[in-house]
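As structure tokens, the structure follows; a few thoughts come after it.
Nothing in this text is a laboratory measurement; each read-out follows from the coordinates by a stated rule. Predicted, not measured: the structure shown is a model, and the values here were computed from it. We place every Cβ from the backbone using ideal geometry, glycine too, and count neighbours over all the protein chains shown.
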Amino acid sequence: MADLFDIVDIVFKTVDGAGTGLPVYKHRAETGIKAEHIVINTTGVTAKPYVNKAPVVNVNLFTHTHPNGMINASHVRAIAGRIRAAIHTILAPHGMYFNARVAFEADLGTEEAEGFDLYNIRVEVITEK
């Protein structure tokens with residue numbers, strides 16, 4: 001059985017290999033980062049107290065907005081599509097049961113001070129049958 005750190009590691013490796021061209025960070029990004037990036041973290045809680053206590057992992061996509069403040073929807077759609085496709089084909093370590101699904105996906109708005117739009121993909125993971 002995997003713990004939250006193992007699960008974040010597996011999702012991180014998957015998203016990092018998704019071909020987005022963006023740097024991927026675990027838990028939080030570097031302070032003052034100006035480039036578009038992805039942050040993989042967990043809420044630390046279990047979404048369901050039954051059926052194998054599925055942890056929730058957040059894949060947060062930070063993209064630059066257009067100069068007028070609007071999101072670059074086609075850019076976000078392309079990157080999110082690559083991430084989603086990678087999540088659907090996660091390869092877990094040999095012998096480990098690992099079932100991941102996208103449970104929630106939404107634009108969470110603009111981080112004004114940073115100039116980023118935040119798009120969240122929430123992944124629910126089950127590691128036991």
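A few remarks follow.
- Label-point separation in nm, residue 9 to residue 129, each point 7 Å along Cα→Cβ: 2.4 nm
- Added length on full extension, which subtracts the Cα-Cα distance from 0.36 nm per residue, residue 78 to residue 96: 3.4 nm
- Only helices enter this figure: runs of n ≥ 4 DSSP H residues, each worth -39500 (n - 2.57), summed and divided by the residues of the chain, yield -7500 deg cm²/dmol at 222 nm to the nearest 500.
- Correct choice for P(r) over Cα pairs in 5 Å bins from 0, in percent that was computed from the model, options [x] 2, 11, 18, 19, 17, 13, 10, 7, 3, 1, 0; [y] 2, 11, 22, 23, 19, 12, 7, 4, 1, 0; [z] 2, 12, 22, 22, 15, 11, 8, 5, 3, 1, 0: [y]
- Stretch gain in nm, segment residue 64-residue 89, where the contour uses 0.36 nm per residue and the Cα spacing is subtracted: 6.2 nm
- In nm, spacing of pseudo-spin labels at residue 108 and residue 26 (7 Å Cα→C-beta vector): 2.0 nm
- Charge tally in the Cβ shell below 15 Å around residue 9, where Lys, Arg are +1 and Asp, Glu are -1, residue 9 excluded: -1
- DSSP assigns beta bridges within region 4-107; of those with both partners inside it, close to 70 percent run antiparallel.
- Relative packing of 9-18, 30-39, which averages over residues the other C-beta atoms within 10 Å, highest first: 9-18, 30-39
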